[in-house]
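Have a look at the structure below, then the notes.
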Amino acid sequence: MQRLQDAARFDYHLYFQGEIGFEKLAALSKKFAREYDTELTKSQRSRRKLSGEAVTQFLVWKPESGDKAIFWLLTTGGKGRVMEREQFVDLRDKEHRLSLTGYELVHDGVSWSWRMEKTTYTNHQKRLRNAILAKNDLALQMAIASLYNSPGFRLVRRQVGMLSKWLRGEWKRLRKDTEPMPALPTFLAYVRRLPNPVPKKKTKKVMDVVKA
C-alpha cells in the first residue's frame, strides 16, 4: 500500500491491474523489465520523465492465502512503447481508484492517502453496534481491536477517530449510561516508513590477470 501511495505521489497516475499465479510471476517481471524498463534506477527514471518519456513501475502484492499475486503496471504517461501496447485507466478518476483489502487510494486536496472504502467503514459500525446490542463484551473488545488494527495511514487514522466518537455516542444511546463503556486504545500506530527496494546496478565481471 505504501508503494502504491508513493507511485501516485510521483505522478504514476495511469495503471492496469491483474492477477497471476506465483509460478508465472518471475517471468512476467522479466518481461516488463525487458519491454518497459521497469527496473530503472531513481536517476534514470527522473531523466526519462523530464524528457517526456513514459516511466513505468511494476508492483506486486502476494496475499497470505492463495496461490495468486495481484500486480499493477503503473506509468507516468508520455512517449514510449508501453503507451502504444497497453491500455490504462487513471487512478485519479473516482471510477478507477486503486483499492486493496477494503481500502482505496485518494487525494483529499492535501496529499495521497489510503482510506476505508464505504463498505469497510459500515462493516466496522455494524460489528460494533451488534456487540453493544448483544451486551457481548468480548465481541465488543474484538471489534474495537479490529478497528484499531487498521493500517495507520493519515485518512484511515481520521476515520478511526470518527468511528471511536460514533461508538461513544452509540454506547450512550443504546446502554443509557447504565454501565461504563470499555476503554478505547489511546493511539493508532502510524504506518512505519519502509525504504523502496533499489534496483542493483549491473556490473561487468572483471577477470583476474595472473602475471607469469
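The values are calculated or read from the model by the stated rules, or taken from the named source; none is laboratory data. Owing to the predicted nature of the structure, the values given are computational and were not obtained by experimental measurement. So basically every Cβ, Gly included, is an ideal-geometry build from the backbone, and we count neighbours across all protein chains shown. We work out accessible area using only protein heavy atoms, side chains counted, and drop any ligands, DNA or RNA first. Shrake-Rupley method; radii C 1.70, N 1.55, O 1.52, S 1.80 Å.
Some observations on this one:
- Top-ranked residue in the stretch 76-111 [being in contact with a helix residue (DSSP H, G or I) (Cβ under 9 Å, 6 or more places away or on another chain) and in a helix (DSSP H, G or I); ranked as farthest from G52 (Cα to Cα)]: R85
- All positions within the stretch 52-97 that are of a type in the set (S, T, Y) and at pLDDT below 95: S65
- Scanning the stretch 36-68 for residues that are under 21 Å from M1 (Cα atoms), loosely packed, with under 12 Cβ neighbours inside 10 Å and out of contact with any Phe, Trp or Tyr (no Cβ under 6 Å at 6 or more places or on another chain) yields K42, P63, E64, S65, G66.
- Residues of the stretch 15-74 that turn out to be closer than 19 Å to S99 by Cβ and in contact with an Asp or Glu (Cβ under 6 Å, 6 or more places away or on another chain), as a count: 2
- The listed residue being touching a residue at least 24 places away in the same chain (Cβ under 8 Å), closer than 30 Å to Q2 by Cβ and open to solvent by less than 60 Å² (accessible area, probe 1.4 Å), out of L155, L140: L155
- With respect to the conditions (1) under 30 Å from T178 (Cα atoms); (2) surrounded by 15 or more Cβ atoms within 10 Å (Cβ to Cβ), G78 falls short on a single one, namely (1).
- Residues in the stretch 85-109 that are open to solvent by 50 Å² or more (accessible area, probe 1.4 Å), free of Cβ contacts under 8 Å to residues at least 40 places away in the same chain and more than 30 Å from K31 (Cβ to Cβ): 2 in all.
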